[in-house]
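Scroll down for the structure; my scribbles are underneath it.
The values are calculated or read from the model by the stated rules, or taken from the named source; none is laboratory data. Since we're looking at a predicted model, the values are computed, not measured. Counting neighbours? That spans all protein chains shown, and the Cβs are built from the backbone with ideal geometry, glycine included. Ligands, DNA and RNA are excluded from the accessible area calculation, which covers all protein heavy atoms including side chains. Shrake-Rupley method; radii C 1.70, N 1.55, O 1.52, S 1.80 Å.
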Amino acid sequence: ADPEFVNVPVLMLSASFVTGPDRVRGLTGGADAYMTEPVDANELVAVINALLRMRRAERDVVQLNRALQAKIQELETTIETLPIGLAIASDPECHRVRGNAAMTAMTGLPAGSNLSVDAAGEETFHMRRDGRELAPDELPLQRAARGEMVRDQEHEIVRADGSSIYVYGHASPLYDADGGLCGSVGAFMDVTERKAAEARQHLLADLTELLAESLDIEK
């Protein structure tokens with residue numbers, strides 16, 4: 001229990017308690033190894049060396065875990081601060097989808113919400129493409145979770161309150177260590193302002209063409 005000695009290997013030696021249950025009690029009580037007298041000197045040295053190797057390995061694992069946690073924290077912070085919306089489906093059916101701050105803002109849902117369109121009991125959003133509402137299996141994350149690479153596509157996100165934005169993005173499959181599909185990840189950029197600018201340009205071009213057709217005042 002003393003932090004100063006928590007990493008010190010404990011080797012129990014006994015000439016009296018030499019049965020199997022005695023060894024079990026010693027190891028269960030906190031010993032790292034249990035030997036009975038008489039003890040061969042070479043065997044004792046080998047056991048101590050083995051315990052030291054085990055302690056060194058444990059320290060290495062602790063250090064690696066700390067470094068890994070630091071990298072994970074760094075990555076999560078980076079993802080949260082990106083101005084691009086990121087959505088990650090953690091299962092092939094996309095029942096659980098988490099998004100960064102930019103993505104939840106795009107969908108109009110509170111931070112930490114499940115962004116899956118079939119999240120039970122939660123207000124959600126809809127996606128359209130070319131004016132048509134997409135079925136769940138047509139959504140970018142769902143398509144990617146089936147192994148498809150979704151690239152360079154524009155969608156309209158219609159929020160629960162009726163407002164909408166336009167996004168441009170990609171979606172890719174995620175694979176586990178065995179190469180099986182385990183979900184998908186999507187990256188989306190808000191292009192609403194660009195779409196509005198394009199609409200204004202088209203309107204201006206149409207008006208210019210119309211005016212050029214005739215100088216008739218009524219027309």
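Closer than 30 Å to L109 by Cα, at pLDDT below 95, open to solvent by less than 90 Å² (accessible area, probe 1.4 Å) and out of contact with any strand residue (DSSP E or B) (no Cβ under 8 Å at 6 or more places or on another chain) - does that describe any residue in the range 199-206? Yes: one or more hits. Reported count of residues in the range 1-20, each being assigned to a helix (DSSP H, G or I) and open to solvent by less than 90 Å² (accessible area, probe 1.4 Å), is 1. Look through the range 179-198, keep the residues that are open to solvent by less than 50 Å² (accessible area, probe 1.4 Å) and in a helix (DSSP H, G or I), and return whichever of them is farthest from M127 (Cα to Cα). Step by step, filter the range 179-198, then rank; the result is A197.
Restricting attention to the range 95-125, the residues that are open to solvent by 80 Å² or more (accessible area, probe 1.4 Å) and modelled with pLDDT of 90 or more add up to 3. One residue stands out among those in the range 126-173 that are in a strand (DSSP E or B) and of a type in the set (D, E): the one that is least open to solvent (accessible area, probe 1.4 Å), which is E156.
Under the condition of being charged (D, E, K, R) and over 25 Å from L11 (Cα atoms), the residues counted in the range 41-96 number 8.
Considering (1) among the aliphatic types (A, V, I, L, M); (2) surrounded by fewer than 16 Cβ atoms within 10 Å (Cβ to Cβ); (3) touching a residue at least 24 places away in the same chain (Cβ under 8 Å), the lone condition that L82 does not fulfil carries the number (3).
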